[in-house]
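Chemist: I am attaching a structure below and will ask some questions about it afterwards.
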Amino acid sequence: MNKLIGLAAALALVACAGPESAFKEDPQHYALFVAVSNVYVDAPLTVKNADTGELIEIKTRHFGRDDRGYLVASLPPGRYTLERYSLDGIHVNSLETANGYFNVASDCFNYGGAYDFEVGSDGQPSYTNTTTLKDIEQLPDNIRKLARDRDICSAAMGKDSDRLKAADVQGQLALD
């Protein structure tokens with residue numbers, strides 16, 4: 001009976017662990033990736049670790065009445081390529097672009113900005129990515145609080161990552 005209770009408790013902890021839990025527990029070996037998207041359903045964005053080839057699904061999450069989707073994941077540091085997404089949770093769109101990558105750094109709040117995914121009139125999937133540091137202030141509190149007292153790194157698509165030290169961020173962003 002005690003083993004069953006222990007197993008149930010362990011499963012409950014795993015179920016409660018959020019996508020940021022590995023980063024919180026081991027920030028030296030994980031990066032926190034955060035982005036906003038126009039995906040209005042809880043459909044995953046699939047990325048591939050460029051070093052290992054591992055495919056990782058980042059679930060789109062929604063909070064309150066906000067239509068925007070939020071992508072939050074603990075990832076090993078490195079380069080990731082955007083592989084596929086779904087705007088409706090049914091149809092999967094594969095992406096293959098030269099600049100469809102982003103970098104994440106360990107012990108850092110890696111902000112990927114806002115993704116706007118589309119399927120053009122030619123039927124080809126595409127996206128745009130805008131990254132503005134001040135946009136972090138507009139994230140839901142449960143995500144924004146993860147940036148408090150942390151270095152912030154740019155995880156913009158197709159660009160090398162830049163790192164701002166936590167002390168420098170304090171004067172530039174209102175995270176409380």
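The values are calculated or read from the model by the stated rules, or taken from the named source; none is laboratory data. Everything numeric here is computed off the predicted structure, so don't read it as measured data. With ideal geometry, Cβ positions are generated from the backbone for all residues, glycine too; neighbour counts draw on all protein chains shown.
Chemist: Which condition number in (1) part of a strand (DSSP E or B); (2) touching a Gly at 6+ places or on another chain (Cβ under 7 Å); (3) not β-branched (Val, Ile, Thr) is the one that Asn99 fails?
Modeler: (1)
Chemist: Gly64 fails exactly one of the following numbered conditions: (1) under 20 Å from Asn38 (Cα atoms); (2) within 18 Å of the chain's Cα centre (by Cα). What is the number of that condition?
Modeler: For Gly64, the exception is condition (2).
Results for (1) surrounded by fewer than 16 Cβ atoms within 10 Å (Cβ to Cβ); (2) closer than 16 Å to Arg61 by Cα; (3) among the polar types (S, T, N, Q); (4) at pLDDT 90 or above, shown as yes or no for each residue.
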| position | (1), (2), (3), (4) |
| --- | --- |
| Leu71 | no, yes, no, yes |
| Leu75 | no, no, no, yes |
| Tyr80 | no, no, no, yes |
| Ser86 | no, yes, yes, no |
| Ile90 | yes, no, no, no |
| Thr97 | yes, no, yes, no |
| Asn103 | no, no, yes, yes |
| Phe109 | no, no, no, yes |
| Glu118 | yes, no, no, no |
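Chemist: Determine if the range 89-101 includes at least one residue that is under 15 Å from the mean Cα position of the chain (by Cα) and farther than 16 Å from Val47 by Cα.
Modeler: No: zero hits.
Chemist: Can you pull out every residue in the range 53-77 that is free of Cβ contacts under 8 Å to residues at least 24 places away in the same chain and not in a strand (DSSP E or B)?
Modeler: Gly53, Glu54, His62, Arg65
Chemist: May I ask you to list the residues in the range 140-176 that are without any contact (Cβ under 8 Å) to a residue 12 or more places away in the chain and either surrounded by 19 or more Cβ atoms within 10 Å (Cβ to Cβ) or not in a loop (DSSP other than H, G, I, E, B) (or both)?
Modeler: Correct list: Asp141, Ala167, Asp168, Gln170.
Chemist: Six or more apart or on different chains, Cβ atoms under 7 Å: show the pairs whose first residue is in the range 120-133 and assigned to a loop (DSSP other than H, G, I, E, B) and whose second is modelled with pLDDT of 85 or more and among the aromatic types (Phe, Trp, Tyr).
Modeler: If the second residue must be modelled with pLDDT of 85 or more and among the aromatic types (Phe, Trp, Tyr), the pairs left are Thr131/Tyr111.
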